[in-house]
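Enquirer: Okay, handing you the structure first.
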Amino acid sequence: TRNPSLAFRNPSGVHMLDFFVSLVFLSFIMAHIIPNLLLTRLRQMPMTPQNRETPEPRPSDKTDADDGTYHPNPIDIVVVRIMLTRSVKLPPDLVDAIFDFAEYWAHSTNAIDYRAEQQEPLRIYGSSRTEDKFLLRSYPVGLTGIEGQDTLSKELAYDTQEATPLPRETDCDAKFFAKLAKYPTPRLLNPARKVVFKIKSHDQGWAGGNEDKGTYKASWTWFEAGLEKFDAAQTSDAQSTRNAPQEAPKPDSPALPVRALRAVYPKIEQLPKGDDDENKANEDENASEPEAKYKYVHPLEGQPEWEIQRNLRAVGDWQEHVVTWSYLDDIKAESDAGKVLDDQGRGRA
């Protein structure tokens, strides 16, 4: 992330000193510039301090791996915006441009380290029921965390538990998520400015032939992004699914339960009757019509519009890839730029 000061480039030493002195002076007059009511509300908003002692992200430590880099929280951003628009008298559009140039955005991080959690790396075998493996889930866009997810078990349940494949009914509206954010949220047309994927993985290390070995061509191990939405009926505890047995809602139940998630991608399809042998064996002869069962549909080949990164073909050494998706991305799949992405093992779209 660029340092916010890079937004103000090429001042002379004297002007730079004057600028920082001005910022110090602004800190003294903030109480007179910002309405007292707004300051009171900002102070009352609970913000969890970030732990910067550990350089590598873990499930219990959601901070970014770039140790030492300043990451503003939502309240920091609001205060700086007020300072620039009301004190320095900068136009709001210019402030937005400065924030984008400096990447002065709030962010969240979700991570899983299988070596730390399971004492060995995750292995996924082809031609098995687990060849398509769910790995990790981010927080909903616009939330830097989930209130009440204060224990490692709750965090892991949200981060790593695959949602049961069920049809989407009614999506939660924006007002529902706005109530969950106990801090100011950006009013931008594209609030998700970028997503950064950091992946450490490798292929099985061998292939039937040496053709394309060491390249991303014909690689059959890759990572995809998925998309989920929350079902309004499930978040209100109106009913339950296979992810949670029938029981009364608990007072400490999470605001965003995994059982309420419905997949947009990957797609789902209904299982034909008789395919769900395990449930069929448990059905009572006098039972009513059994509930329909569904499964995720994973195409044999990767989907370019969802593909994040492929492994190098037949290379058993660990590879680390960092892939960034930006709201400014506009690359056509069949363009020269799209072909360059494909050569780098990334999705073209």
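The values are calculated or read from the model by the stated rules, or taken from the named source; none is laboratory data. This structure is a prediction, so every number in the text was calculated from the model and none was measured. As a convention, Cβ positions derive from the backbone with ideal geometry for all residues, glycine included, and neighbour counts pool all protein chains shown.
Enquirer: Do we have any residue at all in the range 110-118 that's closer than 26 Å to Pro257 by Cβ, in contact with a helix residue (DSSP H, G or I) (Cβ under 6 Å, 6 or more places away or on another chain), of a type in the set (Gly, Ala, Ser) and in a loop (DSSP other than H, G, I, E, B)?
Expert: Within the range 110-118 (the criterion being closer than 26 Å to Pro257 by Cβ, in contact with a helix residue (DSSP H, G or I) (Cβ under 6 Å, 6 or more places away or on another chain), of a type in the set (Gly, Ala, Ser) and in a loop (DSSP other than H, G, I, E, B)), the answer is no, since none of the residues qualifies.
Enquirer: Sort through Arg123, Arg137 and tell me the only one that's assigned to a loop (DSSP other than H, G, I, E, B), touching a strand residue (DSSP E or B) at 6+ places or on another chain (Cβ under 8 Å) and closer than 22 Å to Thr221 by Cβ.
Expert: Selected residue: Arg137, the only one of Arg123, Arg137 that is assigned to a loop (DSSP other than H, G, I, E, B), touching a strand residue (DSSP E or B) at 6+ places or on another chain (Cβ under 8 Å) and closer than 22 Å to Thr221 by Cβ.
Enquirer: Scan the range 108-125 and give yes if some residue there is more than 30 Å from Gln204 (Cβ to Cβ) and at pLDDT below 90, otherwise no.
Expert: Yes: the range 108-125 contains one or more residues that are more than 30 Å from Gln204 (Cβ to Cβ) and at pLDDT below 90.
Enquirer: Read through the list (1) surrounded by 14 or more Cβ atoms within 10 Å (Cβ to Cβ); (2) in the same structural domain as Ile199 (by TED's automatic domain parsing), then give the number of the only condition that Ser128 fails.
Expert: Looking at each condition in turn, Ser128 falls short on (1).
Enquirer: Give the range 335-349 a look and list any residue that's closer than 16 Å to Trp222 by Cβ and either modelled with pLDDT of 95 or more or not polar (S, T, N, Q) (or both), or say none.
Expert: Correct list: Leu341, Asp342, Asp343, Gly345, Arg346, Gly347, Arg348, Ala349.
Enquirer: Could you tell me whether Gln234 is out of contact with any helix residue (DSSP H, G or I) (no Cβ under 7 Å at 6 or more places or on another chain), outside the structural domain of Asn73 (by TED's automatic domain parsing) and more than 29 Å from Asp330 (Cβ to Cβ)?
Expert: Against the criterion (out of contact with any helix residue (DSSP H, G or I) (no Cβ under 7 Å at 6 or more places or on another chain), outside the structural domain of Asn73 (by TED's automatic domain parsing) and more than 29 Å from Asp330 (Cβ to Cβ)), Gln234 does not qualify.
Enquirer: Further question on the same structure: Is there a residue being surrounded by 13 or more Cβ atoms within 10 Å (Cβ to Cβ), in contact with a strand residue (DSSP E or B) (Cβ under 6 Å, 6 or more places away or on another chain) and at pLDDT 90 or above anywhere in the range 203-212?
Expert: No.
This table checks each residue for (1) at pLDDT below 85; (2) aromatic (Phe, Trp, Tyr); (3) touching a Pro at 6+ places or on another chain (Cβ under 6 Å).
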{"site": "Thr151", "(1), (2), (3)": "yes, no, no"}
{"site": "Gln161", "(1), (2), (3)": "no, no, no"}
{"site": "Thr164", "(1), (2), (3)": "no, no, no"}
{"site": "Pro167", "(1), (2), (3)": "no, no, no"}
{"site": "Cys172", "(1), (2), (3)": "no, no, no"}
{"site": "Phe176", "(1), (2), (3)": "no, yes, no"}
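Enquirer: For the range 93-101, state whether one or more residues are modelled with pLDDT under 80, surrounded by 14 or more Cβ atoms within 10 Å (Cβ to Cβ) and outside the structural domain of Gly205 (by TED's automatic domain parsing).
Expert: No: the range 93-101 contains no residue that is modelled with pLDDT under 80, surrounded by 14 or more Cβ atoms within 10 Å (Cβ to Cβ) and outside the structural domain of Gly205 (by TED's automatic domain parsing).
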